[in-house]
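The values are calculated or read from the model by the stated rules, or taken from the named source; none is laboratory data. A quick note: this is a predicted structure, and the numbers were derived from the prediction, not measured. Don't worry about glycine lacking a Cβ; one is built from the backbone with ideal geometry, like all the others, and counts go over all protein chains shown. SASA here: full protein model, heavy atoms, side chains in, ligands and nucleic acids out. Shrake-Rupley method; radii C 1.70, N 1.55, O 1.52, S 1.80 Å.
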Amino acid sequence: MATVTWKGGATAVAQVDSGTIDTFDASSTYTVTIGGYAVSQAGTTDVATTATNLVAALNASTHPYFAAITWSNPSGGTVRGTGDIAGVPFVAALTVAGGTGTVTNFSTTTACTGPHHADDAENWSSGALPAASDTVVIAAGPSLLYGLDALTSTALARLEVRQTFAARVGLEPSRFATSLDGETTTAAVREYRDAYLEISANEIVIGEYLGPVTPVGSSRICIQQTKAGASILDVINTSATTLADRPTVRYLASNSGADVIVRFAPGGVGLAVEQGETTTVGDVYVADASATSSLFLGQGVTLTSFEQVGGDNRLAAAATITTVDVRGGELLIAGYDYLISTLNVHGGEIIDRHENTGGAEWTTVNQYGGTLSLPRVNASTRTYTTLNLYAGRIEADWGALSGTEVLASATGVPERRAIEIAAL
């Protein structure tokens, strides 16, 4: 139960992978694949000639995945890849299809490491990787960019990414990193290597700090919670700046007991905001009563409940949400094919554009205050079981709605006012 601090700084070493073409066949095609992209060579003359031709094709490729590696044929059927930048890893596969040709896939003959590798013991204060029940503190040092799966199965007590940490955690998923520090990227292709720091921890705390002056913080923190049980993400503060028009904090999880609290997030917090990402969490709560914080829940999010007292937030989901409570701030509800069982509007402004092609959009809507806008989203009717109108303002295209409206008693509702009904 130690506290282990990230320090970084290990000496950078270039990765070297070697594979072999073992058997030649003119009917076989020999292929090197990186991140779903491939360079191929048909069997030619013999093993050595085929390997030579494949290496030439690899070096001629202008695709950024292949251009970051120097390919060579030191002897016979050997195909060797050496990373151009020490400390920047790659993941390649050598395969064969058709005919009777055979290959031995790449294996690493020189392991990649460097100052940004979370899997290098030299980069941690203890001289060893964090162990079970440890508290991991990231408060200073260089970015954590590579070897991000080293702690995925280590049951940590706590992870702290403090506001004093000004570098990055994780790669930018939407851009391919081509420099040691991950700051030089190619926008034309996505990152194929692990982009999120994989952590199994009871508690993840981001943005904590002590002192009279608030540090700037990190402009990119990508974390994947891998714990198979209850946990909490507590976002105390974030940087106000972002990279690539993405939220500062990006989070993935896979357990309905993984709760999320956003206390202050001027740079935004995002769950499953990248294309194709999915995440499962439990209760999500935006505690900042001001309009400063932002929370973005992507279409791939499965959650139990959502509550906000402020902020400028966006909500989508992959499955039924049990409860949505809005007490202040602004909320855009978007996406498709999910049900909100209960929507409680106590205050703030909501625009709900989500639609459910498989059934009703809402079971029960309770409006106690604030403004609720239910615009038409297509030619289909949007459906609810009961709309209880206590107070506040509701704006809707009533011809596109189906359900029962109840002008309910406002008794006991704080600061009640008359309900206002407006047509869009």
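Descriptive notes on the structure:
- Test for Gly359: is it open to solvent by less than 50 Å² (accessible area, probe 1.4 Å), on the phi > 0 side of the Ramachandran plot and not in a loop (DSSP other than H, G, I, E, B): no
- Single condition Val309 does not satisfy, out of (1) in contact with a strand residue (DSSP E or B) (Cβ under 7 Å, 6 or more places away or on another chain); (2) in contact (Cβ under 8 Å) with a residue 24 or more places away in the chain: (2)
- Count of the range 289-308 residues which are more than 16 Å from the chain's Cα centre (by Cα), closer than 12 Å to Leu331 by Cα and hydrophobic (A, V, I, L, M, F, W, C): 2
- Condition met for Leu271 (open to solvent by 10 Å² or more (accessible area, probe 1.4 Å), touching a Ser or Thr at 6+ places or on another chain (Cβ under 6 Å) and either under 28 Å from Ser153 (Cβ atoms) or free of Cβ contacts under 8 Å to residues at least 40 places away in the same chain (or both)): no
- Flag if Thr241 is open to solvent by 10 Å² or more (accessible area, probe 1.4 Å) and under 19 Å from Asp312 (Cβ atoms): yes
- Residues in the range 289-319 that are assigned to a loop (DSSP other than H, G, I, E, B) and either buried (at least 24 other Cβ atoms within 10 Å of the Cβ) or polar (S, T, N, Q) (or both): Ser290, Thr292, Ser293, Ser294, Gln299, Leu303, Thr304, Gly311, Ala317.
- Scanning the range 6-38 for residues being surrounded by fewer than 21 Cβ atoms within 10 Å (Cβ to Cβ) and either within 24 Å of Ala67 (Cβ to Cβ) or free of Cβ contacts under 8 Å to residues at least 60 places away in the same chain (or both) gives a total of 13.
- Breaking point among (1) touching a residue at least 60 places away in the same chain (Cβ under 8 Å); (2) more than 28 Å from Leu145 (Cβ to Cβ); (3) of a type in the set (A, V, I, L, M); (4) open to solvent by 30 Å² or more (accessible area, probe 1.4 Å), for Ala68: (2)
- Taken over the range 320-356, the criterion of being in contact (Cβ under 8 Å) with a residue 40 or more places away in the chain and part of a strand (DSSP E or B) is satisfied by Val326, Val345.
Yes or no, residue by residue, for (1) part of a loop (DSSP other than H, G, I, E, B); (2) touching a Ser or Thr at 6+ places or on another chain (Cβ under 8 Å); (3) buried (at least 21 other Cβ atoms within 10 Å of the Cβ):
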position: Gly81; (1), (2), (3): no, yes, yes
position: Ala86; (1), (2), (3): yes, no, no
position: Val91; (1), (2), (3): yes, no, no
position: Thr100; (1), (2), (3): yes, yes, no
position: Thr104; (1), (2), (3): no, yes, no
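- Selected residue (criterion: farthest from Arg190 (Cα to Cα)) from residues of the range 243-276 that are more than 14 Å from the chain's Cα centre (by Cα) and among the polar types (S, T, N, Q): Ser256
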